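Visitor: Sharing a structure below in structure tokens format, with a few things to ask.
The values are calculated or read from the model by the stated rules, or taken from the named source; none is laboratory data. Quantities reported herein were computed from a predicted structural model and do not represent experimental measurements. Positions of Cβ are generated from backbone atoms using ideal geometry, with glycine treated the same way; all protein chains shown enter the neighbour counts.
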Amino acid sequence: ILNVEQSPQSLHVQEGDSTNFTCSFPSSNFYALHWYRWETAKSPEALFVMTLNGDEKKKGRISATLNTKEGYSYLYIKGSQPEDSATYLCAFITPTLGSGGYQKVTFGTGTKLQVIP
Amino acid sequence: DTEVTQTPKHLVMGMTNKKSLKCEQHMGHRAMYWYKQKAKKPPELMFVYSYEKLSINESVPSRFSPECPNSSLLNLHLHALQPEDSALYLCASSLLSGLTPTGQYFGPGTRLTVT
């Protein structure tokens, strides 16, 4: 059973503050890590696909870094806005190359972010 | 069209009922997934279909029966469920990517309550 942990479990920040949270995963046999944002009553939305050690990806005010050797990824939100309120999930991907490349996904425990106006 | 749709949005069923959940995508994705999500827990993988063939069954009880009639549709047939099966059921799809990892596209889920 893969252990994919996220911290903190929940977070309250003031509008305009910057914040970050962590996803830790097994450092051996790394293939890929996904970050998702999941707003209440909506579908989880893919933010980033991280594959290489040292990867840094950015989408607007949100960015993510990856350290595969030590088994962690950080998600940063700069200048948080109320619309950033959501649960942020990381997902550790195990490939199944023998059957065409579908992905076996193990989700982290999630970080619930609440941005207070 | 980058949408995965799921019907119904909500379903209440008794333990003796038979019902089905439906998922549809028109992105040409050949991998489709069913997840179960209980409150305050991450989604857990149930089934994976690859090229319309069942590739993973994560030891799911037989009262859940998946079906992939074509490359755009994924069904989950439910029969003789237990109250502890009440959860959000999420469908997702992705490209079959070989060595290149891709993200998954999720539907909004079906909220199932078993009475």
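Visitor: What is the number of the single condition among (1) under 21 Å from A:G108 (Cα atoms); (2) touching a Gly at 6+ places or on another chain (Cβ under 6 Å) that B:V48 does not meet?
Guide: (2)
Visitor: Okay, moving on. Could you say whether any residue in region B:62-81 is part of a strand (DSSP E or B), facing chain A (nearest Cβ under 9 Å) and modelled with pLDDT of 90 or more? Steps first, please.
Guide: Just the residues of region B:62-81 that are part of a strand (DSSP E or B), to begin with: B:64-70, B:73-79.
Those still in the list that are facing chain A (nearest Cβ under 9 Å) too: none.
No, every residue in region B:62-81 fails to be part of a strand (DSSP E or B), facing chain A (nearest Cβ under 9 Å) and modelled with pLDDT of 90 or more.
Visitor: Which one is nearest to A:S7 (Cα to Cα) among residues in region A:23-45 that are more than 8 Å from chain B (Cβ to nearest Cβ) and assigned to a loop (DSSP other than H, G, I, E, B)?
Guide: A:F25
Visitor: Right, another one. Only strands (runs of 3 or more DSSP E) wholly contained in region B:8-54 count here; list those with 1 or more residues that are within 11 Å of chain A (Cβ to nearest Cβ) and under 18 Å from B:E67 (Cβ atoms).
Guide: Ranges flagged: B:31-37, B:44-50.
Visitor: Working carefully through the options A:T109, A:T68, find the one that is within 8 Å of chain B (Cβ to nearest Cβ), in contact (Cβ under 8 Å) with a residue 40 or more places away in the chain and more than 26 Å from B:Q25 (Cα to Cα).
Guide: A:T109
Visitor: Here is a follow-up. Quickly run through region A:72-106 and pick out the residues that are outside any strand (DSSP E or B) and either at pLDDT 95 or above or more than 11 Å from every other protein chain (Cβ to nearest Cβ) (or both).
Guide: Once the filter is applied, which keeps residues that are outside any strand (DSSP E or B) and either at pLDDT 95 or above or more than 11 Å from every other protein chain (Cβ to nearest Cβ) (or both), region A:72-106 yields A:K78, A:G79, A:S80, A:Q81, A:P82, A:E83, A:D84, A:S85.
Visitor: Quick one: count up the residues across region B:56-88 that are hydroxyl-bearing (S, T, Y) and without any contact (Cβ under 8 Å) to a residue 24 or more places away in the chain.
Guide: 3
Visitor: Working carefully through the options B:L45, B:L21, find the one that is touching a residue at least 40 places away in the same chain (Cβ under 8 Å) and under 23 Å from B:T113 (Cα atoms).
Guide: On the way: B:L45 fails: touching a residue at least 40 places away in the same chain (Cβ under 8 Å).
Just a single option satisfies the conditions, and that option is B:L21.
Visitor: Is it fair to say A:Q14 is buried (at least 20 other Cβ atoms within 10 Å of the Cβ) and out of contact with any Lys or Arg (no Cβ under 9 Å at 6 or more places or on another chain)?
Guide: No; evaluated as a whole, the condition is false for this residue.
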